[in-house]
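Structure first, commentary second.
Values quoted throughout were computed directly from the atomic coordinates according to the rules given, and no laboratory measurement underlies them. Everything numeric in this text was worked out from a predicted model, so none of it was measured. Backbone-built Cβ (ideal geometry, glycine too); neighbour counts: all protein chains shown.
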Amino acid sequence: MKKIIQRSVQIITLALFILLLAAGKVQLWMAVFAASTLLALLFSRFYCGWLCPINTVIRPISWVKKQLKIKRKPMPAWIESDVLRFIVLVLFLATMGFVFKTGKKLPVLPALLGLGVLLSIFLDEALWHRHLCPYGTILSVPGRFSKKSMVIDEALCNNCTRCARVCPSAAIVKEEKHQIIKRECLVCHECERVCTKGAIEYR
């Protein structure tokens, strides 16, 4: 039931995003994102897993790649640095500032959608979610301090690695037991769905 609700919300918000773009009212979508950023202090990066139109389009692509047994290509080591994600963020903010100040209509959001989808076709989608998406970088700040998040119960976890293999943002790491990096988690619930021990929940 939760998955059906989630997919329904994603489809509705994707349709809303497309309608706002077509109507030239991108600022209204930015208001949705701004509200989600504030709410991330309470609910973590739920925008990414439930509302983001880019992620909504990427998920079926990832499903097709899985069915065709196309292995995720590893990310180059130099991308792991946080420098790249902040360079992308600065460029994004500068572009949006230019758009709002001059009133020029640049296709910033459609371009981000296209870029995210294109990269996810050929590379590991974590490249987008964790290292290139400016929305994700912004949300990772309040997400770090969120009251609620996806959590792994170490007493139930048997280190089977199922959760880490399906995580689209590579937010699950293994120390003594598997743990979720809260600021990078998309709250997509994919890890919860594949866990056979019931060790993962949103709380």
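Looking only at Cα atoms, what is the convex hull volume of the range 110-154 per residue, in Å³?
101
So if I take the alpha carbon set of the range 144-190, get Rg, then get Rh from the Kirkwood formula, what is the Rg over Rh ratio?
Checking Rg against Rh, the ratio lands at 0.93.
Can you tell me the length gained on complete extension of the stretch residue 91 to residue 6, counting 0.36 nm per residue apart and subtracting the Cα distance?
On the way: separation 85, 0.36 × 85 = 30.60 nm, distance 3.14 nm.
This chain segment gains 27.5 nm when fully extended.
Explain nothing, just compute: Karplus ³J(HN,Hα) = 6.51 cos²θ - 1.76 cosθ + 1.60, θ = phi - 60°, for every residue of the range 192-203 in order, whole Hz, x for Gly and Pro.
Each residue of the range 192-203 in turn: 4, 5, 9, 6, 8, 9, x, 8, 10, 8, 9, 8 Hz.
As I understand it, the dipole of the range 2-144 uses +1 on the Cβ of Lys and Arg and -1 on the Cβ of Asp and Glu, about the Cα centre. Which of 62, 15, 110 lies farthest toward its positive end?
62
Let me check against my output: what whole-number percent is the relative contact order of the chain, with C-alpha pairs under 8 Å and at least 6 apart? Please list the in-between numbers first.
Details: 258 pairs, mean separation 51.5, N = 203.
Relative contact order here is 25 percent.
Can you compute the helix-only [θ] at 222 nm over the chain? Use -39500 (n - 2.57) per DSSP H run of at least 4 residues, normalise by all residues, nearest 500 deg cm²/dmol.
After summing the helix terms and dividing by residue count, I get -17500 deg cm²/dmol.
Determine, for 85, 183, 203, the number of other Cβ atoms within 10 Å of each Cβ, and report the residues in order from fewest to most.
203, 85, 183
Identify unpaired cysteines across the chain, taking unpaired to mean no other cysteine Cβ lies under 4.7 Å from the residue's Cβ.
48, 52, 133, 157, 160, 167, 185, 188, 195
For a quick check: with amide H placed at 1.01 Å from N, whose amide H comes under 5 Å from residue 152's, ignoring anything fewer than 5 positions away on the same chain?
180
Using DSSP to define loop residues, name the trypsin sites (Lys or Arg not before Pro) in the range 5-54 whose beta-carbon has at most 15 other beta-carbon atoms within 10 Å.
Here the trypsin sites (Lys or Arg not before Pro) that fit, given the DSSP loop and packing criteria, are 25.
Among 175, 190, which comes first, second and so on when ranked by fewest other beta-carbon atoms within 10 Å?
If I rank by nearby Cβ atoms, fewest first, I get 175, 190.
How large are Rg and Dmax for the range 2-144 when calculated on the C-alpha trace, in angstrom?
Cα only, the range 2-144: 15.4, 47 Å (Rg, Dmax).
Kindly put 47, 202 in sequence by how many other C-beta atoms sit within 10 Å of each C-beta, fewest to most.
Lowest count first: 202, 47.
Loop only by DSSP, 15 or fewer other Cβ within 10 Å of the Cβ. Give me the trypsin sites (Lys or Arg not before Pro) in the range 86-157 that pass, ordered by residue number. Before the final figure, lay out each step's value.
Working: sites: 101, 104, 105, 130, 144, 147, 148; in loops: 104, 105, 147, 148.
Answer in residue order: 104, 105, 147, 148.
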